[in-house]
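Novice: Okay, here's the structure, questions in a sec.
The values are calculated or read from the model by the stated rules, or taken from the named source; none is laboratory data. As the structure is a prediction and not an experimental result, all values here were calculated from the model. Every residue, glycine among them, receives a Cβ derived from its backbone with ideal geometry; neighbour counts consider all protein chains shown. What goes into the accessible areas is simple: the full protein's heavy atoms, side chains included, and nothing from ligands, DNA or RNA. Shrake-Rupley method; radii C 1.70, N 1.55, O 1.52, S 1.80 Å.
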Amino acid sequence: MIRIRSVELREIHLPLVHFFETSFGRTYNRKIILLTVHSDEGIGYGECTASEEPLYSSETTETAWHMLSDFIIPRLMDRDLLSASDAAEVLSPIRGNRMAKATIETALWDLEARRLGVPLSKHIGGVRTQIPCGVSIGIQNSIDELLEKVRREVSDGYRRVKIKIKPGWEIEPLRAIRAEFPELPLMADANSAFRLSDTALFRRLDELGLMMIEQPLAHDDMVDHAVLQKEMETPICLDESIHSADDARKAVELGSCRIINVKLGRVGGFTEALRINDYCARNRVPIWCGGMLESGVGRAHNIAMSTLSGFVLPGDVSASKRYYAEDTILPPVTVTPEGIIRVLEFPGIGYELNWERIGRATMRTRQFTRNRVISD
Ligand code: OSB
Ligand code: MG
């Protein structure tokens, strides 16, 4: 039984070490909501993965703050949960807003794991003690700069390189990487920047032996992706289009993709991620953990999710120092020269919060206790 006593929301601002550019623009600074949940038995932490602007998803940091404050936290505080796995059902009448929901859903799983004294990875049924890591490299100013970045990541041990593509930045950068790294596990993420009328371009990419192409077409599409997948050999991986296990099933049945990127925020938390894992493991659809430029708390949740049986491909889960000079957790997440992260064996997410760093980054906080807000 989990009886929530209080919840704290905290908005922090963190500068990225380097800007991150996708087909929809550049991010220099992250605005992140951290959530702390207290129950009679203990504490849990969550991080909201919504972005600053509604470009990847319709959610933003600000909409998540609103949804958490006015609907999600009050609804969860209104009743006792038998377990963390009940939270998703309690929140199901609230449409959409999955990143906002996942902020507290993931915190409740952390709380429950701590109360049981087990690592979060074990509590969700994970089977790995270490996870293989990939990197996501944003759009660069030149091919030379891109190649320089790829060299650094490969020499740091990363097992897979993904680059962001957009119209005009696709074949050339990918060919340049392929020429220098013929065997590198390489892939591209378009973040919905292309149309079905670009099919000829994707057929040309088939020559490069990419592991997959992520979300080439519209963010809400499965039908055109199925048409495109039939026209090309390279597997399509869906990201933006998949919000639930039901979406995963539909995409697989339609032939819209052969691989799925799972993000805890995009699917609303661990309960739905576990359903996607089960469906995909049963149907032999490889999945991997996507990233949203998370700070340490979100990164730690991603590490736990990546230990599930279906996560057979390296994900976008990499070292803290690639994103932040000083992370919100201690120790920061590190990657070995072999390109793996060792899963910590402490209870819950396994990392301590770096309150000194978090304190300096905090822009506002809000406290909630059972049935009422006590302070702003
Ligand atoms: O599409 O996977 C994506 C970052 C922000 C929004 C969307 C995406 C990404 C990434 C970064 O690719 C992954 C990471 O956290 O390293
Ligand atoms: Mg993506």
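Novice: Looking at region 277-298, can you tell me whether even one residue there is away from ligand 2 (no atom under 16 Å from the Cβ), in contact (Cβ under 8 Å) with a residue 12 or more places away in the chain and of a type in the set (Lys, Arg)?
Specialist: Residues of region 277-298 that are away from ligand 2 (no atom under 16 Å from the Cβ), as a first pass: 277-285, 295-297.
Next, only the ones that are in contact (Cβ under 8 Å) with a residue 12 or more places away in the chain stay: 277-281, 283, 285, 295-297.
With the extra rule that they be of a type in the set (Lys, Arg), the set shrinks to none.
No, because not a single residue in region 277-298 is away from ligand 2 (no atom under 16 Å from the Cβ), in contact (Cβ under 8 Å) with a residue 12 or more places away in the chain and of a type in the set (Lys, Arg).
Novice: Taking the condition away from ligand 1 (no atom under 16 Å from the Cβ), open to solvent by 10 Å² or more (accessible area, probe 1.4 Å), farther than 19 Å from Lys162 by Cα and not assigned by TED's automatic domain parsing to the domain that holds Arg95, does Glu233 pass? Working first, answer last.
Specialist: On the way: away from ligand 1 (no atom under 16 Å from the Cβ): yes; open to solvent by 10 Å² or more (accessible area, probe 1.4 Å): yes; farther than 19 Å from Lys162 by Cα: no; not assigned by TED's automatic domain parsing to the domain that holds Arg95: yes.
No: the conditions fail for Glu233.
Novice: Let me ask something else about it. Where in region 229-336 are the helices (runs of 4 or more DSSP H), entirely inside, with at least 1 residues that are charged (D, E, K, R) and over 12 Å from the mean Cα position of the chain (by Cα)?
Specialist: Numbers: elements: 245-254, 264-267, 270-282, 296-305.
Fully inside region 229-336 and qualifying: 245-254, 270-282.
Novice: So, in region 286-321, how many residues would count as being away from ligand 1 (no atom under 14 Å from the Cβ) and surrounded by fewer than 23 Cβ atoms within 10 Å (Cβ to Cβ)? Can you show your working first?
Specialist: Keep residues of region 286-321 that are away from ligand 1 (no atom under 14 Å from the Cβ), which gives 286, 304, 307-312.
In the following step, the residues that additionally are surrounded by fewer than 23 Cβ atoms within 10 Å (Cβ to Cβ) were identified as 286, 307, 309, 312.
Final tally of qualifying residues: 4.
Novice: Still on this structure: Go through (1) within 16 Å of ligand 1 (Cβ to nearest atom); (2) open to solvent by 10 Å² or more (accessible area, probe 1.4 Å); (3) farther than 21 Å from Ser244 by Cβ for Tyr324 and report which single condition fails.
Specialist: (2)
Novice: Please name all residue pairs, on different chains or six or more residues apart, with Cβ atoms under 6 Å, provided the first residue is in region 26-38 and is among the small types (Gly, Ala, Ser) and the second residue is buried (at least 20 other Cβ atoms within 10 Å of the Cβ).
Specialist: none
Novice: Which strands (runs of 3 or more DSSP E) sit wholly inside region 20-132 and have at least 2 residues that are surrounded by 16 or more Cβ atoms within 10 Å (Cβ to Cβ) and away from ligand 1 (no atom under 16 Å from the Cβ)? Let's see the steps before the verdict.
Specialist: Numbers: elements: 25-39, 43-47, 130-132.
The qualifying strands (runs of 3 or more DSSP E) are 25-39, 43-47.
Novice: Related question: Taking the conditions exactly as written (in the same structural domain as Lys321 (by TED's automatic domain parsing), among the small types (Gly, Ala, Ser), within 16 Å of ligand 2 (Cβ to nearest atom) and surrounded by 19 or more Cβ atoms within 10 Å (Cβ to Cβ)), does Ala218 satisfy them or not? Can you show your working first?
Specialist: Working: in the same structural domain as Lys321 (by TED's automatic domain parsing): yes; among the small types (Gly, Ala, Ser): yes; within 16 Å of ligand 2 (Cβ to nearest atom): yes; surrounded by 19 or more Cβ atoms within 10 Å (Cβ to Cβ): no.
When the stated conditions are applied, Ala218 does not pass them.
Novice: Same structure again: Quickly run through region 200-215 and pick out the residues that are within 16 Å of ligand 2 (Cβ to nearest atom) and touching a Lys or Arg at 6+ places or on another chain (Cβ under 9 Å).
Specialist: The answer is Leu210, Met211, Met212, Glu214.
Novice: Taking the options Asp278, Asp327, name whichever one is more than 30 Å from Asp80 (Cα to Cα) and touching a helix residue (DSSP H, G or I) at 6+ places or on another chain (Cβ under 8 Å).
Specialist: On the way: Asp278 fails: more than 30 Å from Asp80 (Cα to Cα).
Asp327 is the lone residue from the list that is more than 30 Å from Asp80 (Cα to Cα) and touching a helix residue (DSSP H, G or I) at 6+ places or on another chain (Cβ under 8 Å).
Novice: Another one. Between Thr63, Thr49, which is more than 15 Å from the chain's Cα centre (by Cα) and polar (S, T, N, Q)?
Specialist: On the way: Thr49 fails: more than 15 Å from the chain's Cα centre (by Cα).
Step by step, each of Thr63, Thr49 is checked, and only Thr63 is more than 15 Å from the chain's Cα centre (by Cα) and polar (S, T, N, Q).
Novice: Could you check region 133-165 and list, in sequence order, the residues that are open to solvent by 50 Å² or more (accessible area, probe 1.4 Å) and either assigned to a helix (DSSP H, G or I) or not assigned by TED's automatic domain parsing to the domain that holds Ala304 (or both)?
Specialist: We begin by selecting, within region 133-165, every residue open to solvent by 50 Å² or more (accessible area, probe 1.4 Å); these are 141, 144-145, 148, 151-152, 155-156, 159.
Hits for region 133-165 are Asp144, Glu145, Glu148, Arg151, Arg152, Ser155.
Novice: Residues in region 193-208: is at least one over 23 Å from Pro54 (Cα atoms), within 16 Å of ligand 1 (Cβ to nearest atom), open to solvent by less than 10 Å² (accessible area, probe 1.4 Å) and assigned to a loop (DSSP other than H, G, I, E, B)?
Specialist: Of region 193-208, the ones over 23 Å from Pro54 (Cα atoms) are 196-208.
When the remaining residues are screened for being within 16 Å of ligand 1 (Cβ to nearest atom), the result is none.
No: region 193-208 contains no residue that is over 23 Å from Pro54 (Cα atoms), within 16 Å of ligand 1 (Cβ to nearest atom), open to solvent by less than 10 Å² (accessible area, probe 1.4 Å) and assigned to a loop (DSSP other than H, G, I, E, B).
Novice: Hey, among the residues in region 168-192 that are part of a loop (DSSP other than H, G, I, E, B) and in contact (Cβ under 8 Å) with a residue 40 or more places away in the chain, which one's most open to solvent (accessible area, probe 1.4 Å)? Talk me through it step by step, then tell me what you get.
Specialist: Filtering region 168-192 for residues part of a loop (DSSP other than H, G, I, E, B) gives 168, 170, 181-185, 190-192.
Imposing the further condition that a residue be in contact (Cβ under 8 Å) with a residue 40 or more places away in the chain reduces the set to 185, 190-192.
Numbers: Pro185: 50, Ala190: 0, Asn191: 11, Ser192: 23 Å².
Selected residue: Pro185.
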